[in-house]
Amino acid sequence: MAATLARNLQLYVGRVAWTVGQKELKEYFTQFGPVKKIRLPWNKDTGFHKQYAIVQYRTEEGMNNALGRDTHLLEGNKMVVQRKQLNANSSEQFRRGLADQNALQ
């Protein structure tokens, strides 16, 4: 249950400038509330990040504060910020499905 709750406190941040790193993202998003984790995936071929990040908040209030802002600018770049959608193929949902299936047998 706790893992599912934590997953719901994640934001997708798109259009991240290539000059922005995890440190800058954490500094920026901490103004809205305590940040638990920043994930900034890298492209192994180019050596640059993939221009999106996942920001996980410690509190729902922090996440909602970030979602409540109309415009997010960092290093002159307007970022897209939205609640991260749960992936139907996520391992947590897969495990829950197996547990439910085993309970029926």
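The figures follow:
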item: Filter result for the condition that a residue is surrounded by 13 or more Cβ atoms within 10 Å (Cβ to Cβ) and not hydrophobic (A, V, I, L, M, F, W, C), over 84, 44, 78; result: 84
item: Subset of segment 17-52 (residues that are in a loop (DSSP other than H, G, I, E, B), hydroxyl-bearing (Ser, Thr, Tyr) and closer than 17 Å to residue 69 by Cβ); result: 30
item: Out of 81, 55, sole residue that is touching a residue at least 24 places away in the same chain (Cβ under 8 Å) and more than 14 Å from residue 31 (Cα to Cα); result: 81
item: Candidate set from segment 8-25 (those that are surrounded by fewer than 16 Cβ atoms within 10 Å (Cβ to Cβ) and touching a Lys or Arg at 6+ places or on another chain (Cβ under 9 Å)); member that is modelled with the lowest pLDDT; result: 8
item: Only one of 83, 96, 58 that is of a type outside the set (Asp, Glu) and at pLDDT below 95; result: 96
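The values are calculated or read from the model by the stated rules, or taken from the named source; none is laboratory data. None of the values given here were measured: they were computed from a predicted structure. Here the Cβ is made from the backbone with ideal geometry for all residues, glycine too, and neighbour counts use every protein chain on show.
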